[in-house]
Amino acid sequence: MPVLAPVLAAATTPAPPPPPYTGAYQPQGVDEIGLWKEMDEDERVLANSPVLIRDEALNAYVRGVLCATVGADRCKAARLYILRTPLFNANMAPNGTMRVFSGLLLRVRSEAELGAVLGHEFGHFEQRHSLAAFKAHRAGTDVLSWGAVLAGMLPYAQGAYSLRNMQISIYGRLSRFSRDQERDADLHGIGYLNGSALRPQAASVVWQNVMTEAERSAAARGQAHPRFDRIPFFASHPADAERAATMAALARPDAATRDDGAARYAAALAPWLPLFLDDQIKLNDFGASDYLIGMLGEHGATAPLWVARGDLYRARGYPRDLVSAAEFYANAIALDPNLPEAQRGLGLSLFKTGRRAEGAEALRRYLQLKPAAPDAAMIGMLVATAGQGQ
Amino acid sequence: MKKRARLVAAAMTLAALYPQPAAAQEHTAVKAGFALPANSGKTILVFRPAVRVGAQSTGGLFEPNGDWTDRARANLEAALAARQAALGNIVLAAPVAFGDDARLVEEYQALFGALSRAVIGYQFFRGNRLPTKKRENKAGVFDWSLGSGVSALPGAKDADYALFIYDKDAYGSTGRKILQIFAALGPGIPVKSGEHAGYAGLVDLRSGDVVWLNADLAMGGDVRTPEGAQKRIGQLLEDFPGSTAAPAAPAASTK
């Protein structure tokens, strides 16, 4: 991996502590004030968005993890919004609005892993990367539009050839600029973690898990094994393997024994897992969802996890999947007989495999457990028709 | 390339000379049978206009400008109040909403934006009409609605209509203007400098029907100045119901 060599060689010492905090910051200059104004308008919309998760306990918890990572003084600069979006992402706008996607919360396993991602985003914010990216993009497109005009004055082939070379060169440079910003944010993120009470080695685990998930997803689709060691020309982020290796090298070795807050994280997320898993299953990415459910159940599967696995198999819906799904729901019922979703899934799976009488029995229990369910009328109809026909 | 450039230039000249029908691109419509007589004293609820003002970089990027946006918002609001007073309508700013109310307003603002884009794309723009809208257009039907749920909007009880306004201005930077001149003189490439788009719609607060809509993707008036904002509001509210019936309106709007 010749591309990785210089990066890894440079990153054998732990990340330095973050620079001194400058306190409340006001935008400077036309561009920055303009960007902030745009973000303020976006925040108005965001604050009233239907995708926002407004639960106070969850918001306070995620905010607490951010503060534990970047420190109490920096934490005040961030306004946190949790979005119900099943993707692995988070971002932070120049005006201090941090968006955390529910897909990120589903994928990280501990406070330290969450802190690694949030610290990375805070690094972008503190370094004012958006402004620099905007300026770089503007400078690049300015040059390109002059290039297009000048190329138009040259004989056709020569002008078009020069312009295309220039376009490739400028867009490639902008992509590299973006990757360098990501590396800089990674450095800051791990710097915050090194200085916190959390275990910085967790940052590398995040990227290892991302790679495993991508492998499982590709395998379930019958696609080629994805490559994690190469940087495509237009990639906005460094390769995952490079990030995992860099993070491992930047973590303070003596901090490896620190607590990573995995137990606290699991407890805080437990009420949300069924919802987040449901959103994930609807992405129709069998390999990734199966991997995530397995990861969550590595210390013993719970009833909601069995239900999620049942839903996943029932959604794919091959005949063998329906048999497996019925088994998974039965496992869930064995752990918690009063879980309505397990009875519902079991009933529907049994119906589809031809065991209508047993299915109707499970559906009846579902309606007893959750009489006000939104699909109660439809399920009731299934139960009523179970005895007929055949 | 030279041949192509000449063709482009020729086409542009032709386009400028050819007497185009005024309705080449429609940009305003009124629901059939709707009339709002001048001085009818109706109350119009205005939701916070979406205003974005900035510059256009040499390469065409939008460069948001906070100062211009603030000034434009104040200018537009003042010009709107003056214009509506001249029409004999009472303009009421929508009350500041919290919690569920604020969420409802946000959803309807977004719905109105989506509806306006659909009208521009599928009814006003001739080449892109949906089959149903083609038929409706021939019959002069303008039939769009946000649904009767609008009556639950905060402030809806005290008003007859709601007015939604969107405005985006990007003024060509010096670099962009120089590029435009060079591109036109040299290879003859048409470069657009600046973007001035806006739409405004009047919604019946009982039925949710859009009774009037005006969308213009190339407007005049520098919204950064009070006079320019008056001109812009005049264009945004072009053919506003009742405005043609009141000959005093244009004169009054300049006060």
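The values are calculated or read from the model by the stated rules, or taken from the named source; none is laboratory data. The shown structure was predicted, so the numbers you read here are calculated from the model rather than taken from an experiment. Here Cβ is always computed from backbone atoms with ideal geometry, including for glycine, and neighbour counts include all displayed protein chains. SASA here: full protein model, heavy atoms, side chains in, ligands and nucleic acids out. Shrake-Rupley method; radii C 1.70, N 1.55, O 1.52, S 1.80 Å.
Give me the Debye-computed log₁₀ of I(q)/I(0) at q = 0.15, 0.20 Å⁻¹ for region B:19-164, equal point scatterers on Cα only, no solvent, two decimals. Those come out to -1.07, -1.36, one per q.
Distances between placed amide hydrogens fall under 5 Å for B:V211 paired with B:L202, B:V203, B:D204, all partners being 5 or more residues away or on another chain. Residue-wise HN-Hα couplings along region B:39-49, as the Karplus relation 6.51 cos²θ - 1.76 cosθ + 1.60 with θ = phi - 60° gives them from phi, are 6, 7, x, 6, 9, 10, 8, 9, 7, 3, x Hz; Gly and Pro carry x.
Modelled spin labels at A:N91 and A:A24, positioned 7 Å past Cα toward Cβ, are 2.7 nm from each other. Which value, in debye to the nearest 20, describes the size of the charge dipole of region A:194-271 about its Cα centre when Lys and Arg Cβ atoms bear +1, Asp and Glu Cβ atoms bear -1, and nothing else is charged? With only Lys, Arg, Asp and Glu charged at Cβ, the dipole is about 80 debye. A dipole drawn for the protein assembly as shown from +1 and -1 charges on Cβ atoms has a positive end, and of B:N89, A:Y192, B:P37 the residue lying farthest that way is B:P37.
Size of the protein assembly as shown: Rg and Dmax of its alpha carbons, in Å, are 29.9, 83. Counting only Cα atoms, region A:290-390 measures 43, 29, 21 Å along its principal axes, largest extent leading.
Sequence-ordered 3J(HN,Hα) estimates for region A:27-43 from the Karplus curve with 6.51, -1.76 and 1.60 and θ = phi - 60° stand at x, 10, x, 4, 4, 5, 4, x, 4, 4, 4, 4, 5, 5, 5, 4, 5 Hz, glycine and proline given as x.
Couplings 3J(HN,Hα) of region A:313-328, computed from phi: 5, 5, 5, 5, x, 5, x, 5, 5, 5, 5, 4, 4, 4, 5, 5 Hz, in residue order, whole Hz [Karplus 6.51 cos²θ - 1.76 cosθ + 1.60, θ = phi - 60°; x for Gly and Pro]. What the Cβ-Cβ distance of B:T132 and A:K76 gives, at R0 = 56 Å and to the nearest 0.05, is a FRET efficiency of 0.55. When chain A is described by a simple charge dipole with +1 on each Lys and Arg Cβ and -1 on each Asp and Glu Cβ, the residue from A:A360, A:L87, A:S169 located farthest towards its positive end is A:A360. Between 0 and 90 degrees, the angle of helix A:376-385 with respect to the longest Cα principal axis of chain A falls at about 40 degrees. Projecting the alpha carbon convex hull of region A:229-367 along each direction and taking the average yields 11.5 nm².
Using the Stokes-Einstein relation with a Kirkwood hydrodynamic radius computed over Cα pairs, the translational diffusion coefficient of region A:79-201 at 4 °C and a viscosity of 1.567 mPa s comes to 77 µm²/s.
Near the amide H of B:A93, within less than 5 Å, lie the amide hydrogens of B:V46, all on another chain or at least 5 residues away, with H placed in the peptide plane. Size descriptors for region B:170-215, from the alpha-carbon set: Rg then Dmax equal 18.9, 57 Å.
Per-residue ellipticity at 222 nm computed for chain A from its helices equals -21500 deg cm²/dmol, with DSSP H segments shorter than 4 residues left out and the rest contributing -39,500 (n - 2.57). For the peptides A:211-218, A:274-281, A:241-248, residues were scored by their other Cβ atoms within 10 Å and the scores averaged per peptide; the highest-first order is A:241-248, A:274-281, A:211-218.
Rolling a 1.4 Å probe over the protein heavy atoms leaves B:R129 with an accessible area of roughly 40 Å².
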